[in-house]
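Below is one structure, written out as structure tokens; the observations come after it.
Each value in this text was obtained by applying a stated rule to the coordinates, not by laboratory testing. All of these numbers come straight from a predicted model, not from anything done at the bench. Cβ placement follows ideal geometry from the backbone for every residue including glycine, while neighbour counts extend to all protein chains displayed.
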Amino acid sequence: MKPNADVCVIIATKNAAETIGRAIISALREPETAEVVVVDDGSSDGTGDVSQKADDGTGRLTIARFEVNRGPAAARNHAISISKAPVLAILDADDFFFPGRLNNLLSQTGWDFIADNIAFVDEEKAEDAHLALESFPAAPRILDLGEFIEGNISKRGVRRGEIGFLKPLMRRDFLDAHQLRYQESLRLGEDYDLYAPR
């Protein structure tokens, strides 16, 4: 682990035994990962056991469990409350990081939230998907609220890829300064609500 590792990867999960291991392994492989916090949100399929088996022995993995399902917003808020790293990264239990993702994002400066492109990968191609990625030069841009909203409108006949699917890195001190957390009454759209609060 790099001495400057400063990212907490948060994974809220429910009944994701088939994919959670890959998600955790991809997060722990990133040298910038200081901690991975998995919150098992009332699973009944062995998600917790699979999560434990993905531990790499570095002491960076924490697994918390809700006995009763409370939703992804509550799970993510709990992970934020028990973690310490100054940068937070959200990773869904059925997704994974391509190698070098955190380094690429952290190399940019002057941000509180930062995200990159999303790749849709068929399950049978997931193992080697990073080998087929096209390389694009970094072209950072600031999104204003209007662009963010426009980027979240799905379009008929176009594969879904709205900006709200992106899982940004977020600076903890920004969230704290603005008293931002996930709205726990939401079971869908909690990300969008956090990124564009009322």
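One decimal place: the segment S154-D49 gains 34.1 nm when fully extended, by the rule 0.36 nm per residue minus the C-alpha distance. Spin-label model, I82/E18: points 7 Å from Cα along the beta carbon direction are separated by 2.7 nm. Rounded to whole numbers, the Karplus 3J(HN,Hα) couplings from phi for the range 183-189 are 7, 6, 7, 8, 10, 9, x Hz, using 6.51 cos²θ - 1.76 cosθ + 1.60 with θ = phi - 60°, and x at Gly and Pro.
Residues whose amide H lies under 5 Å from that of I90, counting only those 5 or more places away or on a different chain, are I10; hydrogens are built 1.01 Å from N in the peptide plane. Put a dot 7 Å past the Cα of W111, heading toward its Cβ, do the same for I25, and the two dots end up 2.7 nm apart. Tell me which of G100, I90, A23 sits at the most positive position along the dipole axis of the chain, charges placed on C-beta atoms (Lys, Arg +1; Asp, Glu -1). Checked the options; the winner is I90.
Over the chain, dividing the summed -39,500 (n - 2.57) contributions of all DSSP H runs of at least 4 residues by the number of residues returns a 222 nm mean residue ellipticity of -6500 deg cm²/dmol. For the chain, a simple Cβ point-charge model (Lys and Arg +1, Asp and Glu -1, everything else neutral) yields a dipole of about 340 debye relative to the Cα centre. Set against the labelled values (i) -0.19, -1.64; (ii) -0.17, -1.34; (iii) -0.20, -1.39, log10 I(q)/I(0) by the Debye sum over Cα atoms at q = 0.07, 0.19 Å⁻¹ computed from this structure falls on (i). Within the chain, the longest segment free of exposed loop sites, counting chymotrypsin sites (Phe, Trp or Tyr not before Pro) that fall outside DSSP classes H, G, I, E and B and have at most 16 other Cβ atoms within 10 Å, spans 1-110. In this structure, the amide hydrogen of K167, modeled 1.01 Å from its nitrogen in the peptide plane, lies closer than 5 angstrom to those of D116, counting only residues at least 5 positions away or on a different chain. Below 24 Å Cα-Cα, how many Lys pairs turn up in the chain? Only count pairs eight or more apart in sequence, or on different chains, if you could. Lysine pair count for the chain: 12. Rounded to whole numbers, the Karplus 3J(HN,Hα) couplings from phi for the range 146-151 are x, 5, 5, 5, 4, x Hz, using 6.51 cos²θ - 1.76 cosθ + 1.60 with θ = phi - 60°, and x at Gly and Pro. The residue list I63, V158, H178 was ranked by how far each Cα lies along the charge dipole of the range 7-192 toward its positive end, using unit charges on Cβ atoms, and H178 comes out on top.
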